[in-house]
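Q: Quick one: this structure, given as structure tokens, is what I'll be asking you about.
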């Protein structure tokens with residue numbers, strides 16, 4: 001039986017800023033989102049009391065919290081702090097799988113100690129060495145550990161023991177399961193399915209018939225079953241870039257000009273970073289002015305600007321609204337395994353995206 005710890009820093013970017021600027025203590029703060037087009041990257045718990053949250057437009061955050069203090073993103077500072085934290089992780093196990101700068105899985109099965117004690121010691125060391133708090137979840141698998149780490153936030157830890165899994169999952173809201181978003185949860189609720197216990201009443205054939213391949217996975221997840229190993233090196237599954245525009249794009253020609261620029265960035269990254277990877281498909285993402293998002297993709301082994309332009313035109317026709325954000329990228333074939341994923345690259349790109357409006 002595995003012993004998995006999921007360590008998650010508490011409002012990491014905001015906490016680092018508060019550590020660097022003690023005068024901010026007690027104030028609601030947000031990292032990013034301070035300009036006309038800005039989006040909140042993260043915020044502290046004081047701000048969350050007003051309903052402010054990550055990925056919220058800055059203007060909406062101001063409406064909810066007029067005294068909100070906006071700070072620019074300082075990614076070098078967060079990365080340096082993250083390196084200190086990861087060094088602590090590796091003193092307890094070589095099996096560390098970072099998910100981003102502020103969270104990671106640790107497999108401590110062979111550590112010869114109680115996972116609870118290890119998690120408590122790691123959190124104490126993080127506090128001592130960085131003056132930041134972390135929360136932890138301890139469980140027999142990754143899914144349960146990640147759910148558990150959110151149970152006693154902030155600055156707490158929670159364990160789901162093997163003999164507790166059945167009862168824990170029976171009462172767990174379906175929304176807590178990976179892959180179940182708000183719309184899926186609403187559809188389940190309309191059918192009287194609110195907890196994983198409710199979902200467990202469906203048989204595997206019923207789940208597969210109704211939800212396809214995801215239904216088969218969901219059948220096991222709602223029972224707390226997750227056999228994924230902690231992988232210190234993960235495989236990059238995609239490569240992409242996106243941009244939020246200071247002013248909305250109102251014509252297809254404007255969007256095509258922007259998608260060409262983004263496409264060239266992706267092509268340059270493919271040549272420089274992953275020249276040997278086989279590509280499975282290409283895609284374009286469009287976020288409209290009402291913040292709804294649509295994606296168009298196609299099977300593609302050799303992406304070109306013309307392919308992304310075609311996908312853009314198809315996606316652009318789905319809604320007669322100005323465009324706030326465009327993104328483009330590729331997904332790699334699953335059978336390639338020679339490229340380690342840069343766990344922080346996606347998070348860094350997103351933080352820089354949020355920060356771009358602050359310049």
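The values are calculated or read from the model by the stated rules, or taken from the named source; none is laboratory data. Since the model is a prediction, treat every value here as computed from it, not as a measurement. Quick reminder, even Gly has a Cβ in these numbers, built from the backbone with ideal geometry, and neighbours come from all protein chains shown.
Q: What single numbered condition from (1) in contact with a strand residue (DSSP E or B) (Cβ under 8 Å, 6 or more places away or on another chain); (2) at pLDDT 95 or above; (3) closer than 27 Å to residue 21 by Cβ fails to hold for residue 128?
A: (1)
Q: Residue 184 - would you say it is over 25 Å from the mean Cα position of the chain (by Cα) and in a helix (DSSP H, G or I)?
A: Working: over 25 Å from the mean Cα position of the chain (by Cα): no; in a helix (DSSP H, G or I): yes.
In short, no.
Q: Sticking with this structure for a sec: Which of (1) touching a residue at least 40 places away in the same chain (Cβ under 8 Å); (2) in contact with a strand residue (DSSP E or B) (Cβ under 9 Å, 6 or more places away or on another chain); (3) part of a loop (DSSP other than H, G, I, E, B) does residue 284 not meet, given it meets every other one?
A: Going through (1) touching a residue at least 40 places away in the same chain (Cβ under 8 Å); (2) in contact with a strand residue (DSSP E or B) (Cβ under 9 Å, 6 or more places away or on another chain); (3) part of a loop (DSSP other than H, G, I, E, B) one by one, residue 284 breaks only (3).
Q: Another question about this same structure. Pull up segment 268-293, narrow it to residues that are surrounded by 15 or more Cβ atoms within 10 Å (Cβ to Cβ) and over 15 Å from residue 237 (Cα atoms), then point me to the one that is farthest from the chain's Cα centre (by Cα). Show your work before the answer.
A: Start the filter on segment 268-293 by keeping residues that are surrounded by 15 or more Cβ atoms within 10 Å (Cβ to Cβ), which leaves 269-270, 274, 277, 279-288.
If we keep only those that are over 15 Å from residue 237 (Cα atoms) as well, we get 284-288.
Numbers: 284: 19, 285: 17, 286: 19, 287: 18, 288: 21 Å.
In this case the residue turns out to be 288.
Here is a yes/no grid of residues against (1) under 25 Å from residue 95 (Cα atoms); (2) free of Cβ contacts under 8 Å to residues at least 40 places away in the same chain; (3) in a helix (DSSP H, G or I):
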| residue | (1), (2), (3) |
| --- | --- |
| 138 | yes, no, no |
| 155 | yes, no, no |
| 163 | yes, yes, yes |
| 168 | no, no, yes |
| 180 | no, yes, no |
| 192 | no, yes, no |
| 217 | yes, yes, yes |
| 220 | yes, yes, yes |
| 240 | no, no, no |
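Q: Sort out which residues of segment 138-185 are over 17 Å from residue 115 (Cβ atoms) and surrounded by 19 or more Cβ atoms within 10 Å (Cβ to Cβ), and write them in order of number.
A: 169, 172, 174, 177, 180, listed by residue number.
Q: Determine whether residue 312 is at pLDDT 50 or above, assigned to a strand (DSSP E or B) and on the phi < 0 side of the Ramachandran plot. Lay out the reasoning, then the answer.
A: Working: at pLDDT 50 or above: yes; assigned to a strand (DSSP E or B): no; on the phi < 0 side of the Ramachandran plot: yes.
So residue 312 does not fit the description; no.
Q: Quick one: in segment 194-215, which of the residues that are in a helix (DSSP H, G or I) and buried (at least 16 other Cβ atoms within 10 Å of the Cβ) is modelled with the lowest pLDDT? Talk me through it step by step, then tell me what you get.
A: Our first condition is that a residue be in a helix (DSSP H, G or I); within segment 194-215, this holds for 196-199, 204-211, 213-215.
Among the residues that remain, those that are also buried (at least 16 other Cβ atoms within 10 Å of the Cβ) are: 196-199, 207-208, 211, 215.
Working: 196: 96, 197: 96, 198: 95, 199: 94, 207: 89, 208: 89, 211: 81, 215: 87.
In this case the residue turns out to be 211.
Q: Evaluate the following for residue 353: is it in a helix (DSSP H, G or I) and modelled with pLDDT of 90 or more? Let's see the steps before the verdict.
A: Working: in a helix (DSSP H, G or I): yes; modelled with pLDDT of 90 or more: no.
So residue 353 does not fit the description; no.
Q: Still on this structure, I have one more. Among the residues of segment 68-118, count how many are assigned to a strand (DSSP E or B) and in contact with a strand residue (DSSP E or B) (Cβ under 9 Å, 6 or more places away or on another chain). Quick ask: steps written out before the conclusion?
A: Kept after step one, since they are assigned to a strand (DSSP E or B), are these residues of segment 68-118: 69-71, 96-100, 103-107.
In the following step, the residues that additionally are in contact with a strand residue (DSSP E or B) (Cβ under 9 Å, 6 or more places away or on another chain) were identified as 69-71, 96-99, 103-107.
Final tally of qualifying residues: 12.
Q: Determine which single condition residue 121 fails, assuming it passes every other condition in (1) more than 24 Å from the chain's Cα centre (by Cα); (2) not in a helix (DSSP H, G or I).
A: Unmet condition: (2).
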